[in-house]
Every structure is written in structure tokens, then in C-alpha cells.
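First comes the structure, then the notes that go with it.
Nothing in this text is a laboratory measurement; each read-out follows from the coordinates by a stated rule. Since the model is a prediction, treat every value here as computed from it, not as a measurement. No Cβ is skipped: glycine too gets one built from the backbone with ideal geometry, and neighbour counts run over all protein chains shown.
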Amino acid sequence: MRVCKFGGTSMADSESIKKVVEIVRRDASRKYIVASAPGKRDKADVKITDALYDCYAALDGGDFDSAFDSITQRFMSITEGLSLDLDICAILDEVKASILKERSRDFTASRGEYLSALLLSKALGATFVDVAGLIKFKESGELLLDESLALIRSRLEGVERAVLPGFYGSLPDGKIKTFSRGGSDISGAIVASAVGADAYENWTDVDGFLSADPRVVKSPKLIDYLSYNELRELSYMGAEVLHPEAIYPVRRAGIPIHIKNTFHPSAAGTTIVANARHMSDFGVITGVAGKKGFSIINIEKEMMNSEIGFARRVLSVFESEGICFEHMPSGIDTLSVVVRDEYLSGKLPSLIAALWRATEADSIEVQSGLSLIATVGHNMASHQGTAAKIFKALAERHINVRMIDQGSSELNIIVGVDTFDYEKAIRAIYEQFCQNESEI
Ligand code: ADP
Ligand code: ASP
Ligand code: MG
């Protein structure tokens with residue numbers, strides 16, 4: 001028995017939804033389906049989730065009616081295209097009224113998945129199962145995984161085929177809460193774990209997990225097998241094909257993930273399991289991924305290395321300011337903290353002031369415009385010269401490396417480069433290992 005999650009591009013319009021229906025109907029083991037909100041139909045299009053965030057913004061003195069029009073148009077055209085016997089106007093009126101009543105950002109955004117799953121259930125002749133009462137969060141926003149698994153398991157017992165909306169659940173007071181963007185991948189993983197599926201199929205618009213972002217590297221090699229840990233590293237570092245938090249529920253239950261292409265279902269896709277090394281003819285590296293939008297805070301103080309508690313004082317400032325950090329490279333008298341720009345937004349002046357107070361440093365400076373690039377692979381630990389190859393590739397293209405970090409698992413090597421070098425650096429590393437086909 002399999003749980004399938006269909007992403008935004010798979011649900012974008014009636015033509016793609018027909019492909020979804022065909023895929024599900026082709027195999028009786030595809031019993032539980034998790035749907036995303038309709039995504040982009042072409043590059044210039046707007047995802048329904050983004051259009052809903054615009055609706056929410058318009059609640060505050062904007063033109064809500066015309067913002068909601070784009071939602072109406074999209075779902076009406078899907079209903080028509082699929083010839084569904086459904087009073088979509090009445091359903092949309094109800095959704096519009098509930099958004100106006102709730103006035104909640106998360107509730108508004110969740111309606112994309114709600115409507116999408118409702119229409120897909122009709123198209124499939126399957127049961128629509130709302131997740132509002134099944135996926136539970138604590139007041140703090142933390143997922144209550146065990147409670148959610150038990151609720152879903154008991155609700156789906158005996159249900160032949162069901163469609164569930166992705167992306168959201170509810171807080172203890174019943175209010176809707178969404179996961180972070182791309183969160184339908186997590187919903188699918190939770191459902192797969194709850195019903196003890198044999199596989200979690202994640203259907204998207206690429207043939208599988210690629211060894212680099214296809215928008216940066218032309219035709220990157222497809223990864224046929226990947227371990228949960230490699231997936232976690234690559235998706236956390238920007239390979240957004242799967243949400244980085246989606247692995248936890250399935251890894252715990254030992255359920256393999258299959259990444260499949262809705263628009264090319266015969267392609268084998270990527271299989272993600274606990275230990276992929278024995279299953280594939282692995283090269284030295286498995287993949288490269290990266291992210292823009294980081295800053296580095298450099299703290300310098302003479303004799304820092306002999307000052308007991310220095311790092312603790314620095315980190316407790318980050319804790320009290322409510323900011324998480326990514327990396328903390330250090331020298332003898334310097335300590336740097338790498339932070340995502342979005343976490344610093346509006347907080348930088350008070351963070352710096354608090355760091356001065358706590359450390360009495362000689363200098364504190366902030367450099368923005370940093371991008372991080374991770375080269376990932378289990379096999380790096382058993383091959384010499386991997387780091388040398390990465391740095392050679394970057395040096396040959398005159399790319400300045402501003403930070404280096406290697407985890408103790410030797411699963412990845414992370415470098416920080418100037419954001420204007422980001423694409424060039426990813427291509428350089430990819431090509432370095434790609435020149436010799438067996439190395440990737
Ligand atoms: P969905 O709407 O199905 O959830 P996403 O847009 O979230 O799909 O993820 C799929 C997209 O991820 C692909 O279209 C591709 O552009 C992008 N992507 C980035 N890095 C990778 C990678 N390493 N492998 C595959 N796709 C990637
Ligand atoms: N629709 C949501 C988003 O665009 C969730 C998802 O597609 O996974 O982020
Ligand atoms: Mg996605």
C-alpha cells in the first residue's frame with residue numbers, strides 16, 4: 001500500500017490533474033493521496049498559495065474581492081476542465097466567507113490545499129478527509145507527531161481510497177496552522193507513517209532527485225538511490241524538491257520515499273532509503289546544493305581562545321534574541337557566526353549591541369551577501385582529495401571562499417561564497433566531479 005503526494009505543478013490545472021487521476025487509478029495500492037494547492041502553470045504564473053497570501057494582505061484595507069477573483073477563476077476552470085459535478089460557486093462563496101470571518105494568515109493559505117484535495121477527491125471518486133482535526137500542533141507550533149499518527153490511523157481505517165489536503169493541521173484551540181512553505185511533503189510523510197505504507201511516493205515535475213539544481217546546472221545527473229541523511233543535507237541546503245523535515249516521520253518507520261515525475265511516470269525516479277550505498281554504483285559525491293541569503297558575523301578579541309565561556313556568552317546572546325545560526329567557524333582570536341538573513345531581519349542592531357555587551361570584543365563586523373554551497377555524499381569519507389578538488393575548482397574560476405565547514409560525519413563539505421559567485425561556484429564544483437562520470 002502506498003501513500004502519494006502530488007505537488008503544486010501536478011495539481012496546477014485540469015490537464016495535469018487528469019494525469020494525477022490516471023496515475024492513481026493505474027494502481028490499486030495507491031490508496032491515500034495528499035494534495036498540494038495548484039502551483040504555477042508556467043514561469044510567469046502565480047501559485048495559489050501566494051495568491052491566498054495576497055488575499056490575506058488585502059484584508060487590511062486592500063481590494064480583497066479582486067484578490068480572491070484569481071482563486072475563483074483557477075478553481076472554476078479546474079472544475080470545468082474535469083467536468084466535475086460540483087457546485088464550485090457555492091463552495092468558493094463558503095471559503096471566501098470563512099476567510100473573512102477567521103482573518104488568519106494560516107487559515108487563508110490553507111484553503112488552497114483544502115479546495116485542491118476536495119476537487120481531486122471528486123475526480124477520483126474517493127473520500128475527502130480533512131486533516132484539520134488529524135494533524136495536531138502544540139500551542140508553540142511544534143508538531144504533535146505521535147498524536148497525529150494515531151488520529152490519522154484511526155480515521156483512515158477501512159477507508160478504501162482517500163484524498164487529504166497537505167500543508168496544514170490545527171492548534172489546540174482548533175485554529176488552523178500551516179507548516180512552512182513546501183510543507184505538503186511533510187503531510188504526505190505523516191500520512192505514510194500513520195498507515196504504515198510500504199512506500200511514500202512524492203510526485204513532482206522532475207524525473208527525480210538531481211545531483212544539482214536543474215535551474216543552475218544544465219541536465220544534472222539523476223540520483224537513483226539516496227540515503228535519508230544525504231537527502232536531509234541536500235534538501236536543507238536548498239534542493240527544494242522535498243521539504244527537509246519530510247524525512248523524519250518516514251525514516252522512523254523505515255518507509256522508502258520515491259520521487260516520481262507526474263509528467264513522465266515511466267521514469268524510474270529516485271528511491272530514498274536508510275542506506276543507499278549498497279544499492280547504487282555511487283560516485284565520490286552524491287550531489288551539490290546551495291542557498292543564498294546568509295550573513296556572517298565576525299567577532300574578534302585578543303586572547304579569546306583562553307577566555308573560558310566566551311563561546312557560551314556569544315551563543316546565549318543569539319538565544320535571548322531568538323535567532324538560530326547555521327555554522328560557527330572559529331580561529332584563535334576570532335569566532336564567526338553564520339546566520340540566515342531572514343532571521344536577522346529587524347533584529348540586527350539589538351543583536352550587535354548585545355554581543356558588544358556580552359563579549360567586550362575588540363571588533364564585531366557583519367558581512368552580508370553570503371551564499372552557502374554543500375557538496376554531499378557518504379562516499380567522501382572513504383575518498384581522499386575531495387576537498388582539494390572542490391577548492392581547485394573554485395580557485396580556477398577565481399571564486400573567493402569566505403567560509404569552510406565540514407561536519408564530523410564527513411557527509412558534507414560546506415563552503416561560503418559571495419552571492420554573485422553562487423551559480424558559478426555550483427557549476428564549478430559539479431563540473432569538477434562530472435568530468436569523470438564515476439565521481440558523481
Ligand atoms: P512540488 O510543487 O511538486 O512540490 P517543488 O517546486 O517544490 O515541486 O520541487 C520541484 C522543483 O525543485 C523542481 O522543479 C526543480 O526546479 C527544483 N529543484 C531544485 N533542486 C533540485 C534537485 N537537486 N533535484 C530536483 N529538483 C530540484
Ligand atoms: N502550497 C504550499 C506552498 O506553496 C505547500 C506545498 O505546496 O507543499 O508552499
Ligand atoms: Mg514542493
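Determine which member of the set Glu240, Glu230, Glu245 is within 16 Å of ligand 3 (Cβ to nearest atom), of a type in the set (D, E, K, R), touching a residue at least 40 places away in the same chain (Cβ under 8 Å) and outside any loop (DSSP other than H, G, I, E, B).
Only one candidate passes the filter, namely Glu245.
Enumerate the pairs (first residue in segment 48-67 and free of Cβ contacts under 8 Å to residues at least 12 places away in the same chain and more than 21 Å from Asp13 (Cβ to Cβ); second residue anywhere and within 16 Å of ligand 2 (Cβ to nearest atom) and hydrophobic (A, V, I, L, M, F, W, C)) with beta-carbon separation below 9 Å, excluding pairs fewer than 6 apart on the same chain, so at least 6 apart or on different chains.
From segment 48-67, the pairs are Gly62/Cys55.
For segment 148-196, enumerate the residues that are hydroxyl-bearing (Ser, Thr, Tyr) and either within 27 Å of Asp27 (Cβ to Cβ) or within 16 Å of ligand 3 (Cβ to nearest atom) (or both).
Ser148, Ser154, Tyr168, Thr178, Ser180, Ser184, Ser187, Ser193
Given Ala150, Ala132, Ala197, Ala189, which one is within 19 Å of Ala253 (Cβ to Cβ) and surrounded by fewer than 19 Cβ atoms within 10 Å (Cβ to Cβ)?
After applying the criteria, what remains is Ala150.
Kindly check whether there is at least one residue in segment 136-157 that is in contact (Cβ under 8 Å) with a residue 60 or more places away in the chain, over 30 Å from Phe433 (Cβ atoms) and not hydrophobic (A, V, I, L, M, F, W, C).
No, that holds for no residue.
Considering only residues of segment 335-351 that are of a type outside the set (D, E, K, R), within 18 Å of Leu370 (Cα to Cα) and surrounded by 15 or more Cβ atoms within 10 Å (Cβ to Cβ), which is farthest from the chain's Cα centre (by Cα)?
Leu335
For segment 392-409, what are the residues that are buried (at least 16 other Cβ atoms within 10 Å of the Cβ) and either closer than 19 Å to Val217 by Cβ or touching a helix residue (DSSP H, G or I) at 6+ places or on another chain (Cβ under 9 Å) (or both)?
The answer is Ala393, Leu394, Ile399, Val401.
Which helices (runs of 4 or more DSSP H) does segment 9-105 wholly contain that include 3 or more residues that are within 16 Å of ligand 3 (Cβ to nearest atom)?
48-58
Being hydrophobic (A, V, I, L, M, F, W, C), touching a residue at least 24 places away in the same chain (Cβ under 8 Å) and more than 16 Å from ligand 1 (Cβ to nearest atom) is the filter here, so list the residues in segment 4-33 that pass it.
Val21
Among Ala197, Ala246, Ala253, which is the only one that is closer than 30 Å to Phe325 by Cβ and either more than 15 Å from the chain's Cα centre (by Cα) or within 16 Å of ligand 2 (Cβ to nearest atom) (or both)?
Ala246
Under 7 Å by Cβ, and 6 or more places apart or on different chains, what pairs join a residue from segment 176-198 that is within 15 Å of Leu231 (Cβ to Cβ) with one that is within 11 Å of ligand 3 (Cβ to nearest atom) and in a strand (DSSP E or B)?
Note: pairs meeting the criteria are Asp185/Lys5; Asp185/Asn202; Gly188/Lys5; Gly188/Asn202.
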